[in-house]
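The values are calculated or read from the model by the stated rules, or taken from the named source; none is laboratory data. The structure displayed is predicted, hence computed values, not measured ones. Neighbour counts are summed over all protein chains in view; Cβ atoms, including those assigned to glycine, are modelled from backbone coordinates with ideal geometry. Surface accessibility is based on the protein's heavy atoms, side chains included, excluding ligands, DNA and RNA. Shrake-Rupley method; radii C 1.70, N 1.55, O 1.52, S 1.80 Å.
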Amino acid sequence: MTEQQRTPARIAIVDDEPITRMDLRCMLEDLGYTVTGEAGDGFDAVQLCKQDPPDLVLMDVKMPVFDGLTAAERILSERLAGCVVLLTAFNDTEIIEAAKRIGVTGYLVKPVEQRLLRPTVEMALAQAERLRSSERETETVKKQLSDAKTIARAQAVLAKREGITETEAYTLLRKLSMDKRLPMAALAEAVLRTEK
């Protein structure tokens, strides 16, 4: 998919300064991104992301009510956005370390320059996509392992019940799976349920 064909990334802006939010909105829209909404503090940021989960949240660190780090941690742990890039007027090692611990994917020092915005946003989005892809692969492997264990247990139950070898029980399960057009794991679960 070319750059022109790709759907623009959806970005939420969170900063307690209205002028900063306005500047960021203008820069992001000039760069071709879609701004999904704005919030003035971390609490409102969480609510905004719950209502319409963005691909990325650009969020100030220092805000009243609920600071950016606390909000970012909640947004990321509840998967309310694809990723978070923090904005701060301070190049603070403690903030950077805390941001890394909670899974923030980018960090920009204010005032934000438009020339730095696109690379930071694109790198954060790419990193978030790699993480999601890795999580999907991990879930697939876990499911495959779980299915294999279920099939093995059902195979043993079927072999004992029918007085056949486990290899023959596996062949029977596979044939039934094809005949019934059911995944083997679903059929194995049904076999196990009849033993309870």
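Before we move on, is Arg101 over 17 Å from Val14 (Cβ atoms) and either of a type in the set (S, T, N, Q) or out of contact with any His (no Cβ under 7 Å at 6 or more places or on another chain) (or both)? Even if it seems obvious, please write down each step before you answer.
On the way: over 17 Å from Val14 (Cβ atoms): yes; either of a type in the set (S, T, N, Q) or out of contact with any His (no Cβ under 7 Å at 6 or more places or on another chain) (or both): yes.
So Arg101 passes the test.
Take the conditions open to solvent by less than 90 Å² (accessible area, probe 1.4 Å), closer than 19 Å to Lys143 by Cβ and out of contact with any Leu (no Cβ under 6 Å at 6 or more places or on another chain) and apply them to Leu158. Does it pass? Explain how you work it out, then say what you get.
Numbers: open to solvent by less than 90 Å² (accessible area, probe 1.4 Å): yes; closer than 19 Å to Lys143 by Cβ: no; out of contact with any Leu (no Cβ under 6 Å at 6 or more places or on another chain): yes.
In short, no.
So if I check each of Lys143, Lys160, which one is over 29 Å from Ala81 (Cα atoms) and either modelled with pLDDT under 90 or charged (D, E, K, R) (or both)?
Numbers: Lys143 fails: over 29 Å from Ala81 (Cα atoms).
Exactly one of Lys143, Lys160 is over 29 Å from Ala81 (Cα atoms) and either modelled with pLDDT under 90 or charged (D, E, K, R) (or both), namely Lys160.
State all residues of segment 64-88 that are surrounded by fewer than 12 Cβ atoms within 10 Å (Cβ to Cβ) and modelled with pLDDT under 90; if no residue qualifies, say none. Outline the logic, then answer.
To start, the set of residues in segment 64-88 that are surrounded by fewer than 12 Cβ atoms within 10 Å (Cβ to Cβ) comprises 64, 77, 79.
Within segment 64-88, Pro64 is the sole residue that qualifies.
Starting from segment 16-27, keep only residues that are over 21 Å from Phe66 (Cβ atoms), then list their pairs with residues that are part of a helix (DSSP H, G or I) whose Cβ atoms are within a distance under 6 Å, requiring at least 6 positions of separation or different chains.
Met27/Gln114; Met27/Leu117
Sort out for me the helices (runs of 4 or more DSSP H) sitting completely within segment 80-196 that have 3 or more residues that are under 30 Å from Leu24 (Cα atoms) and of a type in the set (D, E, K, R).
Numbers: elements: 93-102, 114-162, 166-180, 184-194.
Of the helices (runs of 4 or more DSSP H) lying wholly inside segment 80-196, those with at least 3 residues that are under 30 Å from Leu24 (Cα atoms) and of a type in the set (D, E, K, R) span 93-102, 114-162.
Pull up segment 45-59, narrow it to residues that are open to solvent by 10 Å² or more (accessible area, probe 1.4 Å) and outside any helix (DSSP H, G or I), then point me to the one that is farthest from Val85 (Cα to Cα).
Asp52
Just one of (1) farther than 17 Å from Arg21 by Cβ; (2) open to solvent by 60 Å² or more (accessible area, probe 1.4 Å); (3) of a type in the set (Gly, Ala, Ser) trips up Ala98, so point out which.
Answer for Ala98: the failing condition is (2).
Within segment 123-163, count every residue that is among the hydroxyl-bearing types (Ser, Thr, Tyr) and under 12 Å from the mean Cα position of the chain (by Cα). If you could, list the steps in order and put the result at the bottom.
In the first step, residues of segment 123-163 are kept if they are among the hydroxyl-bearing types (Ser, Thr, Tyr); the result is 133-134, 138, 140, 146, 150.
Checking which are under 12 Å from the mean Cα position of the chain (by Cα) leaves us with 133-134.
Counting residues in segment 123-163 that are among the hydroxyl-bearing types (Ser, Thr, Tyr) and under 12 Å from the mean Cα position of the chain (by Cα) gives 2.
Quick one: which of Asp60, Asp52 is within 14 Å of Asp15 (Cβ to Cβ) and charged (D, E, K, R)? Give the derivation first.
Values: Asp52 fails: within 14 Å of Asp15 (Cβ to Cβ).
After ruling out the rest, the residue left standing is Asp60.
Which of the residues belonging to segment 32-44 are outside any strand (DSSP E or B), open to solvent by less than 20 Å² (accessible area, probe 1.4 Å) and either within 19 Å of Arg79 (Cβ to Cβ) or of a type in the set (A, V, I, L, M) (or both)?
Once the filter is applied, which keeps residues that are outside any strand (DSSP E or B), open to solvent by less than 20 Å² (accessible area, probe 1.4 Å) and either within 19 Å of Arg79 (Cβ to Cβ) or of a type in the set (A, V, I, L, M) (or both), segment 32-44 yields only Gly42.
Return the pair list, or none, for Cβ contacts closer than 6 Å from residues in segment 127-156 that are among the acidic types (Asp, Glu) to residues that are part of a helix (DSSP H, G or I), at least 6 apart or on different chains.
Within 6 Å, the pairs are Asp147/Ala185.
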